[in-house]
Structures are given as structure tokens and as C-alpha cells.
Amino acid sequence: MGIAGWPTVLEALDALPRQAWKAALDADGHPRYGAQVAELTRHVPAGTGKPWPTGMRIIARRERPHPGAQLRITDADGWRITVFATNVAGGRLPELEVQHRLRARAEDRIRCLKDTGLRNLPLHDFDANQIWLEIVQLAADLLTWTQHLALDGRPARIWEPKRLRLRLLNIAGRLLRTGRREFLRLPRGWPWTAILLTGHDRLSALGT
């Protein structure tokens, strides 16, 4: 729903009965505090010229922004409003909204894949590029599992590839050999050295 059509959405929200709002759910199916969902289909006109496609539904979600959150142009009366359209029929409204919200993670994964090498196909041959895509997918899987296993409980758990490369994967170090042993010396002043060392210890523990 574009900004140009937002006044129509606000009018539909004003016309919506209070009892139409249902408690929203989180990803685990539990009630999400301060969030509600409702169907606007009956209250939002299709606009001039063309009717809504058959079976199209308009779903709204409202939630109180967390303290300190920056306000948006689409916030109304202290609520953060999001609206989406779907042609999925039936089902409980809160569960439908969760399904749509979790689907947005696919866009994040696509962006991460582009940052890992999917943005361009560097080779001329189709089969060679197919192999390249498999390598990109493998690299993305390795990054995801590394974050899940080694960086869980830390902000780095949700860093995207560019930030991971800048802060963890590209740390400058020196390889030292003494007494027939090798040591990797990392800079003490690097802000994220502790995260890297903790992650390394976790992965080493899993391998023993």
C-alpha cells in the first residue's frame, strides 16, 4: 500500500470496529504483547477504475513502537501500522499474519546471497555459472551455520555478510612459529577480537 493511498488506509482503520482487532502472535505461536491484527478488506475501497482481484484480502497489523524507536510517516495515534494484501482464503487471522511476516526473512536471505557472490554471474558458460551458484549457496550456508553455532547469544549472530567480513573475517593477524608450534596473534585493540575467539572456542568444542 503506497504512501499516496495511506489516507484511505487511515480512514479504513477509523471505520474498523474495536472488536475487529485480534491479538497478534509471535513466531512461536504465543500472544505478542502490544500487537494486534485485523482485516480491512470491507473498509478499503479498491480505488478508481479497477476492482480488487477476486479473493484479495487486506490485512492490517498495529503495534506499539518500543521506547526510543524513530517514528514513521505511516505511524498513527501511537501505533505502528503495517498493511499487506493476500489471496489466501480461510485460516485464523493471527496465524496468517505470522506466516506473512516470517516470509519477509526470504528477502533478507536474498540480500545476503547477493553480498556473498550472487549479485553477478562472472563466467560466460551456463554450466560454469551454475557451479558458481552452488559455491555461493555453500558459502552462505557455512556463514549461517557458523553464526548459529559459534555466535549464538551475541549481536554477531544476526550480522550480514558485509559486516561479518569487516569485523570478523578480515581481522589482520600474524602467524608465529616457535618451539615447533604455531600461534596466531590477533590485535588486542580490535573491538571484536573477543567475539572471534569465543566463536572459535565454541566450534572447537563441538569438534571434540
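Looking across segment 158-176 at every residue that is surrounded by 12 or more Cβ atoms within 10 Å (Cβ to Cβ) and among the charged types (D, E, K, R), the one that is nearest to G189 (Cα to Cα) is identified as R167.
Scanning segment 69-82 turns up no residue that is of a type in the set (S, T, N, Q), loosely packed, with under 12 Cβ neighbours inside 10 Å and more than 30 Å from V44 (Cα to Cα). Look at segment 130-153: where a residue is over 15 Å from N120 (Cβ atoms) and at pLDDT 90 or above and a partner is of a type in the set (S, T, N, Q) and in a helix (DSSP H, G or I), sitting 6+ places away or on another chain with Cβ atoms under 8 Å, you get A140/T116; L143/T116; A150/T198.
Take the conditions surrounded by 10 or more Cβ atoms within 10 Å (Cβ to Cβ), in contact with a Pro (Cβ under 9 Å, 6 or more places away or on another chain) and part of a strand (DSSP E or B) and apply them to R61. Does it pass? So R61 fails the test. Sort out which residues of segment 46-70 are under 24 Å from A89 (Cα atoms) and modelled with pLDDT under 70, and write them in order of number. Within segment 46-70, A46, G47, K50, P51 qualify.
The values are calculated or read from the model by the stated rules, or taken from the named source; none is laboratory data. Only a predicted model underlies this, so the values are computations on that prediction, with no experimental measurement involved. Cβ atoms come from the backbone with ideal geometry, glycine included; neighbour counts cover every protein chain shown.
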